[in-house]
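Written out below as structure tokens is the structure these notes cover.
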Amino acid sequence: MNKDAKLYLLGVFNLFILCVFAQPAQTGIHSSTIQTLRITIAGEPLSDPVIGLNGDSQIEINFDALDQSFNRFAYSIEHCDAGWNPSRLSAIEYMDGFQGLTLNDFANSSATATQYTNYRLLLPNDEVRLKLSGNYAVSIYRENEPDRILLTACFSVVEPLINISAEVTGNTLTDFNNEHQQVDFFIDHSNIPVIHPQTDLKLFVYQNRRRDNAVSNLNPTTILNKRLAYDRNRALIFEAGNEYRRIEFLSHTYNGMGVDNIRFHNPFYHVTLQADLPRARRTYSYDEDQNGRFLIRCSRCNDPDTEADYDIVHFALQSEPFPDGVVYLQSDIYNNVLDERNRMTYNFDTKAYEKAVLLKQGNYNYQYIFVPNGETRGETAMFEGNYYQTENEYAIFVYYRPFGARYDRLVGTAVVNGSR
């Protein structure tokens with residue numbers, strides 16, 4: 001293929017990706033045959049998908065395909081702005097390599113009741129190098145069906161040019177050591193010129209990687225030389241929530257944590273969990289959770305990626321019905337998206353909200369979120385309660401785009417935990 005043909009293909013793929021990500025990109029699965037999507041730092045299964053620019057770390061995108069036919073998957077990469085919209089840079093500006101490369105790292109499941117193929121993609125790799133910091137969205141599709149996206153995987157690349165110090169406290173402008181947590185942070189930008197912080201910087205604060213209650217459009221409360229303060233800001237007051245609920249199912253021969261019984265109904269094993277009860281208005285109880293994450297594991301196996309089986313897991317929350325809103329099963333299971341896939345249904349016979357979910361064996365965190373009708377922001381108060389002692393995880397992302405720049409550089413990230 002000559003140089004002109006390669007440049008033409010790059011342009012075609014770039015136009016295609018812009019059409020695909022007309023809305024803000026968000027990690028998610030768009031096909032019933034794809035399961036267990038994980039985006040982490042390679043070798044760190046409980047990490048957030050953020051790596052340094054030109055560093056040694058790689059992003060690992062890991063997922064399973066459950067259909068029986070052989071699939072040849074390909075991927076394309078799009079650079080996004082701070083709000084996960086396409087940055088409109090050409091691919092040649094943000095990466096070395098080509099779009100539409102195939103995924104060659106895969107393995108079939110072994111000794112499992114459910115047959116699947118596990119796929120893994122590492123970025124950057126020998127064929128692709130990322131040249132800019134910022135947000136990236138990877139679309140994966142069958143090689144012969146580039147217009148049908150099967151999954152989207154989002155990650156970030158940071159060039160650490162600023163220093164961020166942060167803390168979380170139960171002392172807020174709305175209550176003291178009660179139901180909320182206040183996030184305060186400070187930015188030292190000695191290494192970059194920030195002339196107009198209100199427009200040069202874009203800031204996002206996430207609680208346990210959730211997007212529904214993420215905070216942005218922040219202005220500093222104090223500007224002093226090379227230091228910006230974002231403290232005592234009402235926008236940075238979060239519902240404290242509660243520690244995530246936890247379950248574990250690693251085998252079909254015994255019940256794990258939170259499991260009531262396991263039965264086989266062809267073609268799947270069914271794991272029925274012990275019914276959950278609302279935890280609001282109770283005494284706070286510490287539990288060492290993973291802030292909504294999950295870890296694939298199985299009993300007496302060497303490689304959980306290919307030896308862990310798939311089960312249908314039955315969740316139930318004992319409660320009266322609440323017609324003025326919707327109840328969701330929320331965690332990294334659903335990539336922290338609230339939609340029809342994790343919307344729970346009320347069963348008037350059992351007097352419980354219920355959901356049956358196909359999950360790979362392992363350890364899982366989850367919680368129940370209530371979204372009032374007409375709202376998009378989930379609330380924990382209804383079923384989980386709000387306790388200032390909860391050890392939530394807050395991630396701060398700072399993007400830099402001075403006047404005249406063409407894209408949002410991710411110049412700093414920080415993670416701070418609320419303490420008991």
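Computed values, structure above
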| read-out | value |
| --- | --- |
| Values of log10 I(q)/I(0), in the order q = 0.20, 0.28, 0.30 Å⁻¹, for the range 323-376 under a Debye, Cα-only, solvent-free model | -0.76, -1.24, -1.33 |
| Chymotrypsin sites (Phe, Trp or Tyr not before Pro) within the range 55-106: DSSP coil, no more than 13 neighbouring Cβ in 10 Å | Phe70 |
| Unit Cα scatterers, Debye sum, the range 85-188: log10 I(q)/I(0) for q = 0.10, 0.23 Å⁻¹ | -0.56, -1.35 |
| Stokes-Einstein D in µm²/s, Kirkwood radius over Cα pairs - the range 294-402 at 4 °C with 1.567 mPa s viscosity | 80 µm²/s |
| Residue order for Ser251, Ser32, Ser216 - accessible surface, 1.4 angstrom probe, largest first | Ser32, Ser216, Ser251 |
| Förster radius 30 Å - calculated FRET efficiency between Lys131 and Glu340, Cβ distance, rounded to 0.05 | 0.20 |
| Backbone N under 16 Å from the Asp287 label point (7 Å along Cα→Cβ), restricted to the range 221-263 | 241-249, 256-260 |
| Per residue accessible area in Å² of the range 58-134, where ligands, DNA and RNA are left out and the probe is 1.4 Å | 39 Å² |
| Among (1) 23.4; (2) 18.8; (3) 22.0, the entry that matches mean projected area of the Cα convex hull in nm² as calculated here | (3) |
| Charge tally in the Cβ shell below 14 Å around Pro86, where Lys, Arg are +1 and Asp, Glu are -1, Pro86 excluded | -2 |
| Length released on extending from Asp67 to His30, taking residue separation times 0.36 nm less the Cα-Cα span | 11.9 nm |
| In order through the range 346-351: 3J(HN,Hα) via Karplus (6.51 cos²θ - 1.76 cosθ + 1.60), integer Hz, x for Gly, Pro | 8, 9, 6, 6, 8, 6 |
| Relative contact order (percent, whole number), the chain, Cα cutoff 8 Å, 6+ residue spacing | 17 percent |
| Listed residues His265, His30, His314, most fluctuating in the chain (Gaussian network, C-alpha, under 10 Å) | His265 |
| Neighbour-limited loop hits for GluC sites (Glu not before Pro), the range 204-266 (at most 16 other Cβ within 10 Å; DSSP other than H, G, I, E, B) | none |
| Residue-wise HN-Hα coupling along the range 73-83, computed from phi with Karplus coefficients 6.51, -1.76, 1.60 (Hz; x: Gly, Pro) | 9, 10, 9, 9, 10, 10, 7, 10, 7, 4, x |
| Cβ-based charge dipole, the chain, positive-most Cα from Pro402, Thr283, Ile61 | Pro402 |
| J(HN,Hα) series, the range 197-203, from Karplus relation 6.51 cos²θ - 1.76 cosθ + 1.60, nearest Hz, glycine and proline x | x, 5, 10, 6, 10, 10, 10 |
| Cα→Cβ-extended label distance, 7 Å offset, between His196 and Glu145, nm | 4.7 nm |
| Zone residues, the range 265-300, relative to Gln389, backbone N less than 18 Å from point 7 Å out along Cα-to-Cβ | 279-291 |
| Gained length - Met257 relative to Glu320, 0.36 nm times residue gap less alpha-carbon distance | 20.1 nm |
| Å² per residue, accessible surface of the range 277-420 at 1.4 Å | 45 Å² |
| Rounded accessible area of Thr413 (nearest 10 Å², 1.4 Å probe) | 60 Å² |
| Candidate residues Asp96, Asp276: accessible-area rank, largest first, probe 1.4 Å | Asp96, Asp276 |
| Those GluC sites (Glu not before Pro) in the range 292-386 that DSSP places in a loop and that have at most 12 other beta carbons within 10 Å | Glu375 |
| 13 Å reach of a label modelled at Thr102, 7 Å along Cα-to-Cβ, counting backbone N of the range 141-158 | 142-145 |
| Summed side-chain charge close to Asn213 - residues other than Asn213 whose Cβ falls under 12 Å, Lys, Arg +1, Asp, Glu -1 | 0 |
| Accessible area of the range 291-366 belonging to carbon and sulfur atoms, whole % at 1.4 Å probe | 45 percent |
| Sequence of Met257, Met382, Met95 when ordered by accessible area, the most exposed leading, probe 1.4 angstrom | Met257, Met382, Met95 |
| Kirkwood Rh and Cα Rg combined as Rg/Rh, the range 380-420 | 1.27 |
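The values are calculated or read from the model by the stated rules, or taken from the named source; none is laboratory data. Predicted model only: the values in this text are computed from it and were never measured. Heads up, the Cβs are rebuilt from the backbone with ideal geometry, glycines too, and the neighbour counts pull from every protein chain shown. Surface accessibility is based on the protein's heavy atoms, side chains included, excluding ligands, DNA and RNA. Shrake-Rupley method; radii C 1.70, N 1.55, O 1.52, S 1.80 Å.
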